[in-house]
Every structure is written in structure tokens, then in C-alpha cells.
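Read through the structure below, which is laid out as C-alpha cells, and then see the notes.
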Amino acid sequence: MSLKEIKLLLTEKFGNEVIVGEETGGLQAALLITPDSIIEVCLELRNNPKTYFDFLSSLTGIDYGVEASRFGVVYHLASIPYRTQLTLKISKENDRDLNELPSFNSITSVYRTADWHEREAYDLTGIFFEGHPDLRRILLPDDWEGYPLRKDYQNAEYYKGIKID
Amino acid sequence: MNITDTKYNAALNNYNNKIASAATEDMVLNMGPQHPSTHGVLRLELITDGEIVKEVIPHIGYLHRCFEKHAESLTYQQTIPFTDRLDYLASMNNSHAFVMGVERMLGIDKDIPKRVEYIRVLVCELNRIASHLIAIGTYGIDIGAFTPFLWCFRDREHIMGMLEWASGSRMLYNYIWIGGLFYDLPVGFEERCREFVDYFKPKMDELNRLLTDNQVFINRTANIGVLPLDVAINYGCSGPMLRGSGLKWDLRRIDNYSVYPELEFDIPVGKGEMGSVGDCWDRYKVRVDEIDQSLRMIEQCLDRLQNELKRTTDFDPRAKLPRKTIPKAQDYYVRCEGAKGELGFYFMADGKSEIPTRVKARAPSFNNLSVLPEIAKGVMIADLIAIVGSIDFVLGEVDR
């Protein structure tokens, strides 16, 4: 199924507002989705016999830079029966307050593999996933402060009283 | 920087409460991080009822070396040595994937000389054999077979020696560069490699007689840790893990990248010969069969490299190296079949600098390991060792 057909399928099912835009400049096209409907979109793409995107290759949390103040998540889906790939993107503005993390819906109910991927995105970029069963830090220690892959991250000088060189 | 709001700590508190309350009735057992059967620094927290594992909570991150953070401050070319350190048992495959992605973004992937591509595939397949030999050898030692481990390491040493001859280092090669190679193969490499293939084939038969068909080994692995296909797909498992569950899914065939479409090889899948499809023995057997297929590919590569793509004095593997590695502004996700499964890199290029805005590594071991709590529920502790070994993860890649 081409990108056009997938777009048509999604807009017919969920209305026009579900797709915010698309990126076709590079080698891989991407669909920009409304953040709130990501679960339904993923579920539909996975279950619909015409698309059947049953494999979540990768999930990436992204900080779009200090000026943009935008956080996003990129999903790379793959369909095993049709051998196709699809990129979905969602993003939200956020003012980098550590008490108000950017928050998206978790898709662990659709793809279980999103569990660890979302934990990683939370751990490194500070993106909160609503409805995740166990959103703890995964790579860094539980008491780590800050989110290292944010563009404004300052390296810590001390960790538990130990000087970091 | 104190986060007073507890809404982001809810999961951590839940976890702490669970461990605290489990300690009164069940036993909480820590396996690792410094435990040989966890293949690196993995800590498994087991909630056990006697010998039965009620729940497994993996703790990873002990080997986190900030690959993605480093990649944001280094140029594409400078990042290649860092990719070597992801799956350090199959470094060539990592740099091949990374380089392929950057070349496609630059639009030079069609200009790479055929000889360079064949050398890349040759060293990748050699490295895949080395990685699978470790998987097989350490799997044997996990469940009590000591000899196969020594045999596998003996044969792997030949591959290490050859790759050292080509690249100058034993494990972390930095051999595949964007647009070419570090050097051409040393004179005599092809002949030496052919000798190795002839030497190694009978050794595989020996290994099969010693381990694969060993009744003790079969009893320990057949029908243990059965991973159904739908669970495997939903958990994002790939590579021998997915093929062990019976699906013919190999990105070398699906995506037909590099020169793989010109090579003949089969895709071994788990058939449940000794137990049920997707058990530990199937995953092990897929790796054994893949070694044979890799040997087939190596022979075909050598045929080409010694005949129509023979070395010439004026051949320069660095001829196509780009002067400036500045891709157009775009996002690109490249995937390829690493030794452990689908290895992917996601690049965000801004079109202005040689330094990517963001690089994400999709590590196959990370996803393969994430299925462990699901398939290890309710097994005996001794079987857990067999399951962990059959996943064949590398912590360098899990933690990145």
C-alpha cells in the first residue's frame, strides 16, 4: 500500500484531522499524526488486513532543539506480510519545565516491544508516556537527575558525591 | 533540580513496593550483574517460589556508554568506531549498517565499487560466524558442556586472526568506511580465507556430533522457553530469535541490500525437530545452520574476488570517500541484518553540518532481551539459564 492509500485509509476511518501533515523531502516519507490518536492509528495499521504493520522496528524520543521547544516521538513500523515500512511522527510543544514533562500516549497495548523503547525515551529524553505499565528509568540509575539526550542538558559534576571527570 | 511531583515516580514506587512485599513470602534472588551466565553485566532480579521463577525483572544499563550522546557531537565518519563497540562480537556488521545508512543519505550508495561491496559482505559474514561461534560455545558452557566452548574459541581465533590481518585490530575494526574501506584486503587473504573454509567445514560436523545431537543437551533445551511466533513479532524480536520461532524473515533477503541479491543462500528456520517450534534448541539450531549458510556466502564472495573482481594495482578502496559528509536535511532509518537480528540506525540530518542532530541505534539484543520476562514466567531457575543463553544478547548492544 502506498503512502497515499494509507493516508486515505486513516482519514476515512478517523477524519481529516488525524493527519497533521507529511514529510516527503527525504528518502523515507513520514506521516505526522495528532498525538492524541496515536494508539488508534497504530492499532488500525496493525489490524487492518490491507496494511498489517505488525512489527514496531524502533521508537525514538526526540528533542527538536532549544529554540523549537518541541518534543516528539518517531515510530518506525514494518509490515512482515507486505514487506513495507512506514514512519509515523508525533510532536508537542513543551517549555522544558522538569515538573511538566511532555506527555504522549503509550502504545504498549498495541506493541509490547514499545515497553522498553518508551522507557528508554523517558530515561534519555524525558518524555512521559501516559498509560505505560512500568515507566521507570532503564539505562540510567533510578536517582539520575535530568535527561541526557535533551539539547539543554548540563553534565552533572557530581554523582552521589563522586566527582565526574 | 528537585522533582517534587511524584507523578513521574509512580512506577518506581510501585516497583519498590513490589520488591519489599515479595520479600516476605517469596524469595528475591539477584542473578548478576557479575555472573558468567548472564553474558556480561546483566542483572536479573528473580522473584522465586522455591525453584520456580515467578517473575523476572531485568535491570540493564551497567554498560551504558552514551553512544547516542556521543554521536551528537561527532561527525559521521568519527562515529564508526563507536558503532563497533555496540555489538562488539560482530563489529563489522554494525559499521556496515551505519555506513550504508550514511551512504544512502549522501546518495553515493550506487557508486561504491563492486569489489568494495564484496569485501564488506565477506568480512561481515566472517564476523557473523565468529559471533555465532561465541553464541554456541557459551551456550554449551551455560548448561554444562565445557568442550564445545574451547572448540568454538579455537576456530573463532582463526577468524579473529584474519580480520586482524585485514584491519589491524582483533575485535573493534573500524574497517568499513563511508564510501569505501580502510584498506584493500592484504595480499593472500583470499587464499588464506579459502583454507579456513576448508578447515572449518569438518569442524562444524564435529561440533554437531558433540553438542547439537547430544541427548543431554537436547533434554536441557528442547521444549524449554518456547517463544510463540505472535509473541516474538509483538515484542520486536528479530534475527535467529524470530527465525527460531518459524518465520522466514531475513533482511538480507527482504531488503536485498549490498550484494546479497547476487549471493545464493537459504534462510534456516526453527522446525521444532526436538521439541516444539520456538524452543531453545530451535534457536540454537538456527545459529548452527546460519554458520553453514555464511560459509556458502563466503565461498561465493571469494569466487568473485579471485576472478572477475580480482585485485588490481590501481584499485583504491578510498577512491570514493566523500570529501564532505553532509547529507541533505532529512530523517532516515536504515535497517540491516546484524548477527543478532534487525540492526537499525535512525539519523536526523540538518543538511548543514557533518554532525547528525540525532542518531538512534535500534539494537536487536535490546528487543530480544525484552521478551525474557514473558517467556521466563513459571520456569525453573536452571531452565532460566538455558533461556537466557539461547537469546544470545550482547550487553554492549543492549546498553549502548
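The values are calculated or read from the model by the stated rules, or taken from the named source; none is laboratory data. Here the structure is a predicted model, which is why all the values come from computation and not from measurement. Every residue, glycine among them, receives a Cβ derived from its backbone with ideal geometry; neighbour counts consider all protein chains shown.
Key figures
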{"item": "Sole exception among (1) assigned to a strand (DSSP E or B); (2) touching a Ser or Thr at 6+ places or on another chain (Cβ under 8 Å) for B:LEU46, by number", "result": "(2)"}
{"item": "Verdict on B:LEU106 being assigned by TED's automatic domain parsing to the domain that holds B:VAL197, buried (at least 17 other Cβ atoms within 10 Å of the Cβ) and within 16 Å of the chain's Cα centre (by Cα)", "result": "no"}
{"item": "Qualifying residue in segment B:251-258 (condition: within 13 Å of chain A (Cβ to nearest Cβ), polar (S, T, N, Q) and free of Cβ contacts under 8 Å to residues at least 40 places away in the same chain)", "result": "yes"}
{"item": "Flag for B:ILE112 being assigned by TED's automatic domain parsing to the domain that holds B:ARG311, assigned to a loop (DSSP other than H, G, I, E, B), closer than 30 Å to B:THR312 by Cβ and of a type in the set (A, V, I, L, M, F, W, C)", "result": "yes"}
{"item": "Residue in segment B:105-114 that is more than 14 Å from every other protein chain (Cβ to nearest Cβ) and modelled with pLDDT of 90 or more present", "result": "no"}
{"item": "Of all residues making up segment A:94-111, the number that are facing chain B (nearest Cβ under 8 Å) and at pLDDT 90 or above", "result": "1"}
{"item": "Residue in segment B:379-388 that is within 12 Å of chain A (Cβ to nearest Cβ), part of a helix (DSSP H, G or I) and under 30 Å from B:LEU42 (Cα atoms) present", "result": "no"}
{"item": "Residue match in segment B:306-325 (condition: outside any loop (DSSP other than H, G, I, E, B) and buried (at least 17 other Cβ atoms within 10 Å of the Cβ))", "result": "no"}
{"item": "From the options B:LEU29, B:LEU86, B:LEU44, B:LEU12, residue that is closer than 19 Å to A:ASP115 by Cβ and more than 10 Å from every other protein chain (Cβ to nearest Cβ)", "result": "B:LEU44"}
{"item": "Residue within segment B:84-91 that is touching a helix residue (DSSP H, G or I) at 6+ places or on another chain (Cβ under 8 Å), acidic (Asp, Glu) and buried (at least 17 other Cβ atoms within 10 Å of the Cβ) present", "result": "yes"}
{"item": "Qualifying residues in segment B:326-357 (those that are more than 11 Å from chain A (Cβ to nearest Cβ) and surrounded by fewer than 22 Cβ atoms within 10 Å (Cβ to Cβ)) - the one nearest to the chain's Cα centre (by Cα)", "result": "B:ILE355"}
{"item": "Those helices (runs of 4 or more DSSP H) lying entirely in segment B:170-277 with at least 1 residues surrounded by fewer than 20 Cβ atoms within 10 Å (Cβ to Cβ)", "result": "B:189-207, B:215-221, B:229-234, B:251-254"}
{"item": "Considering residues of segment A:25-74 that are more than 10 Å from chain B (Cβ to nearest Cβ) and among the β-branched types (Val, Ile, Thr) only, the residue surrounded by the most Cβ atoms within 10 Å (Cβ to Cβ)", "result": "A:VAL73"}
{"item": "For B:ARG43: the one exception among (1) surrounded by fewer than 23 Cβ atoms within 10 Å (Cβ to Cβ); (2) touching a residue at least 40 places away in the same chain (Cβ under 8 Å)", "result": "(2)"}
{"item": "Verdict on A:SER91 being of a type in the set (Ser, Thr, Tyr), in contact (Cβ under 8 Å) with a residue 40 or more places away in the chain and either surrounded by fewer than 17 Cβ atoms within 10 Å (Cβ to Cβ) or within 14 Å of chain B (Cβ to nearest Cβ) (or both)", "result": "yes"}
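Okay, residues lined up against (1) out of contact with any Asp or Glu (no Cβ under 9 Å at 6 or more places or on another chain); (2) at pLDDT 90 or above:
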position	(1), (2)
B:VAL231	no, yes
B:VAL288	yes, yes
B:GLN300	no, yes
B:PHE315	no, no
B:ARG323	yes, no
